[in-house]
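Working notes for the structure below.
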Amino acid sequence: MSADGDGQAADGDGRPPDDQPATGPDRPPQPINRRALFGIFLQAGLAFGGGLGILAVLEQELVTRRRAVGREEFLRLYGLGRIVPSGTMTALAVAYGYRFAGLPGTVISLTALVLPALVLTVALTAVYGLLHRQAWLPELLPVTILPAALAFIVVAGVRLGRDVFRPSWELLLAAAAFAGAAVLHLSPVLLLLAGGVAGTVLFRPKEDQA
C-alpha cells in the first residue's frame with residue numbers, strides 16, 4: 001500500500017482499496033455471482049406494484065447500481081420478455097439467471113423471485129379469509145393499498161421511459177403504441193413486433209444503411 005498526493009491510501013496499481021469501491025458513472029461493472037443473483041431477485045420479488053415495480057428494482061440493481069448490463073440491453077430483453085408466452089418478469093428471471101450463472105442461476109433467480117409472492121400471498125389470503133366479512137375492509141382497500149400500488153407503477157414507468165420523453169422518433173413510436181393499445185385495443189404482441197420492425201428501419205446504424 002502507498003499513499004497518494006492527497007494522503008489517501010491506494011493500492012500499488014492506483015485503484016482504491018477493496019473497502020473503498022469506485023463510484024460514479026465510470027466505475028467498473030460489478031460481477032453477479034449466485035449469491036448476488038439471489039439477493040437481487042429476492043429484492044425484486046418483494047417490490048410492490050406488480051411487473052413494473054419488479055422491473056424498476058431490476059433496472060436499479062443491474063443497470064444503475066451494479067452496471068452489469070447496459071440500459072439499452074436491459075430494455076431489449078424486457079421487450080423480448082413481453083413477447084414470449086409467459087410472465088414477463090419470469091422471462092427476465094430466466095434470462096438473467098442463465099446469463100450470469102447458467103442453469104443453476106435460472107433456478108436461483110426464479111426461486112428468489114417467486115418466494116416472496118408465495119409466502120405473502122398465502123399469508124394475506126389467510127388473513128383476508130378471516131377478515132373479509134368485516135365491513136371496513138372493502139372500504140379500506142380502494143383508498144389505501146390500491147392508490148399506493150398505482151403510484152409505484154407510475155413512478156416505475158416514468159423512470160424506465162425517462163430517455164424517451166423528448167422530441168424524437170422514440171417518443172412518436174411510444175405514442176403510436178399507446179394509441180394502438182388504449183384506443184384500438186391491438187394485441188401487445190402485434191404492437192411489439194410492429195415497434196421492432198419500425199425501430200429497425202428508423203434506428204439502423206448509418207454504416208448499415210450505406
Please compute the modelled spin-label separation between VAL197 and TYR98, points set 7 Å along Cα→Cβ, answer in nm with one decimal. 2.7
Quick one: how many Å² of THR200 are accessible to a 1.4 Å probe, rounded to 10? 90
Give me the extension gain from ALA126 to ALA151: residue separation times 0.36 nm, minus the current Cα-Cα distance, reported in nm with one decimal. 6.4 nm
Show GLU61, GLU73 ordered by accessible area, largest first, where the area counts protein heavy atoms only and the probe is 1.4 Å. GLU73, GLU61
Take the Cα atoms of the range 86-126, build their convex hull, and give its volume per residue in Å³. 57
By accessible area (1.4 Å), largest first, TYR78, TYR98 order as TYR98, TYR78
Using only the heavy atoms of the protein chains and a 1.4 Å probe, how would VAL189, VAL69, VAL107 rank by accessible area, largest first? VAL107, VAL189, VAL69
For LEU186, the residues 5 or more places away or on another chain with a placed amide H closer than 5 Å to its own amide H are ALA181
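The values are calculated or read from the model by the stated rules, or taken from the named source; none is laboratory data. Note that the structure is a prediction, hence the values are computed from the model and not measured. FYI the Cβ positions are ideal-geometry reconstructions off the backbone, even for glycines, and counts take in every protein chain you see. Side chains are part of the model used for accessible areas, which takes the heavy atoms of the whole protein and leaves out ligands, DNA and RNA. Shrake-Rupley method; radii C 1.70, N 1.55, O 1.52, S 1.80 Å.
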